[in-house]
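*Asks:* Sharing a structure with you now.
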Amino acid sequence: MSMTKCLSIWQSLRPEPPQSIFKRFDSTHPLDFYLGLDGGGQHLLLFVCSEEPPHQLDMRAIKLKKSIRDDGRWALLWTLEDPALLEIFSLLSEDLIEHSRDIEGGISPLSFVLRRLTSWRHLLERASDNVLSGGCIRGLCGELVFLDQLIDLLGVNEAVMSWVGPSGADQDFQFGTAAWEVKAIRPEADTVIIASERQLASDDKNIKLIVVEIADVSSSSDGMFTLNSQVSGLRKKLSSCYDALFEFDNKLLVAGYVNREEYGKSFFKLRSLADFTIVEGFPLLNKKTIPAGVVNICYEIELKQLESFLVERTTF
């Protein structure tokens, strides 16, 4: 288990049953976050604010409770009920705290925390370890490579809002009548996998297939990146637009990403990015070419069959 500041604070606490004990996370933080242990050794996160929180449903293995304090302020308390999820609870706690450190004016602290918490609910519905597989890491890297380019094309707000893949849309990016499906491949790949008959076919959108070639490299390779460094670079690029950065961070959570030590240990290098236009004759399956009643088709397309549809290929 990687050591976060939250884990370090929890380990330093020595409650005296049946009393609970709390320690402020950071004396310089503008908001009041505390970490605690109750008399039974359960891990706690406490947020104190001036607004009354709306009713919150419990999360997976995490109980939420609000209460009014003697000073008239409100407390929102998270209690971890399954010790096996301590690492993910520590990541959740640190994420809520760190991302709320620089809230801009006009957004209430409580609203920010609850909106961030909504995205965490999606993450906690996943498998118990919540670690992305190697294929998912590579796929997310490919989408972020393309998002970086789309920011230069559309601007920060439009590009981030167009990233709809994490929410389960048919294509990874949609903007007006344009859509882009991004596939990340290894240099030796001969095919790309199309996850459904809807990914490359639409009645109302002009779709392009973006194939991003990403190689596995060593930590000493020139131009190498990790998923964590890629996210960090994009956050810096979006830092001048608070709304875009907020949406980006939430979409990362929905996609299953939270900054973890593991994601800094796989090293990649971008080899090429190819842009294919989907027009008449493109090798695909859609509802017009498959028998009625057949749905949710997954198939592969040979890359060599796409060369006549190539618009542009950029090598790096």
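The values are calculated or read from the model by the stated rules, or taken from the named source; none is laboratory data. What you see is a predicted model, and the numbers here were worked out from it, not measured in a lab. All Cβ positions, glycine included, derive from the backbone under ideal geometry; neighbour counts span all protein chains shown.
*Asks:* Looking at Lys251, Lys236, which one is surrounded by 17 or more Cβ atoms within 10 Å (Cβ to Cβ) and either modelled with pLDDT of 90 or more or not in a helix (DSSP H, G or I) (or both)?
*Replies:* Only one candidate passes the filter, namely Lys251.
*Asks:* Restrict the check to region 27-34 and report whether at least one residue is in contact (Cβ under 8 Å) with a residue 40 or more places away in the chain, buried (at least 17 other Cβ atoms within 10 Å of the Cβ) and in contact with a Phe, Trp or Tyr (Cβ under 9 Å, 6 or more places away or on another chain).
*Replies:* So far as region 27-34 goes, yes, one or more of its residues are in contact (Cβ under 8 Å) with a residue 40 or more places away in the chain, buried (at least 17 other Cβ atoms within 10 Å of the Cβ) and in contact with a Phe, Trp or Tyr (Cβ under 9 Å, 6 or more places away or on another chain).
*Asks:* Then there's this: Report the residue count in region 12-26 for those that are within 12 Å of Phe47 (Cα to Cα) and surrounded by 15 or more Cβ atoms within 10 Å (Cβ to Cβ).
*Replies:* Number satisfying all stated conditions: 2.
*Asks:* Out of Glu280, Glu262, Glu307, Glu300, I need the residue that is surrounded by fewer than 16 Cβ atoms within 10 Å (Cβ to Cβ), part of a strand (DSSP E or B) and assigned by TED's automatic domain parsing to the domain that holds Pro187. Which one?
*Replies:* Answer to the check: Glu300.
*Asks:* List, please: which pairs have Cβ atoms under 7 Å, are six or more places apart or on different chains, and start with a residue in region 227-246 that is hydroxyl-bearing (Ser, Thr, Tyr) and end with one that is surrounded by 14 or more Cβ atoms within 10 Å (Cβ to Cβ)?
*Replies:* Filtered contacts from region 227-246: Ser239/Leu245.
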